[in-house]
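The values are calculated or read from the model by the stated rules, or taken from the named source; none is laboratory data. Just so it is clear, the structure is predicted and the values come from calculations on it, not from any experiment. Reconstructed Cβ throughout: ideal geometry from the backbone, glycine too, with neighbour counts over all protein chains shown.
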Amino acid sequence: MQDLPRIFNEKGAFIEPDNTGLDAPTLERLDAVRSAYQTYRAAEAHEKATFDEVNDAANYLSDLETYSRKLYPPQTQHDLWLENFGSPEARARAAQRRATQR
């Protein structure tokens with residue numbers, strides 16, 4: 001039996017082995033393992049980039065929501081009714097109340 005070289009380190013990273021003395025079928029399998037490892041590393045990098053992109057979008061959305069709530073506090077149905085149908089005094093009171101909530 002042929003003594004096969006070590007191709008992965010303790011952390012699972014591919015190590016380029018010494019190819020001397022390896023027969024053709026073993027070299028083909030080694031090429032397949034190398035190719036699969038490179039494909040795996042590329043997919044892992046793509047997954048990390050995608051995760052970072054989603055995380056950035058979530059942070060942006062959170063900041064936008066905070067900014068929106070600061071400038072435009074939520075209105076109740078009663079606030080909307082006063083804004084459209086209320087008397088000028090009631091509108092002024094509602095506007096003053098909203099201004100103190102900010």
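Would you check which residues across segment 19-56 are small (Gly, Ala, Ser) and either in a helix (DSSP H, G or I) or touching a residue at least 24 places away in the same chain (Cβ under 8 Å) (or both) and list them?
If the condition is that a residue be small (Gly, Ala, Ser) and either in a helix (DSSP H, G or I) or touching a residue at least 24 places away in the same chain (Cβ under 8 Å) (or both), then Ala24, Ala32, Ser35, Ala36, Ala42, Ala43, Ala45, Ala49 are the ones that fit.
Given the structure, is Thr26 surrounded by 10 or more Cβ atoms within 10 Å (Cβ to Cβ) and at pLDDT 90 or above?
For Thr26, the condition - surrounded by 10 or more Cβ atoms within 10 Å (Cβ to Cβ) and at pLDDT 90 or above - is not met.
State yes or no: is Arg34 outside the structural domain of Phe14 (by TED's automatic domain parsing) and not small (Gly, Ala, Ser)?
no
Which of the residues that make up segment 57-102 are of a type in the set (Gly, Ala, Ser) and in a helix (DSSP H, G or I)?
Ala57, Ala58, Ser62, Ser68, Ala90, Ala92, Ala94, Ala95, Ala99
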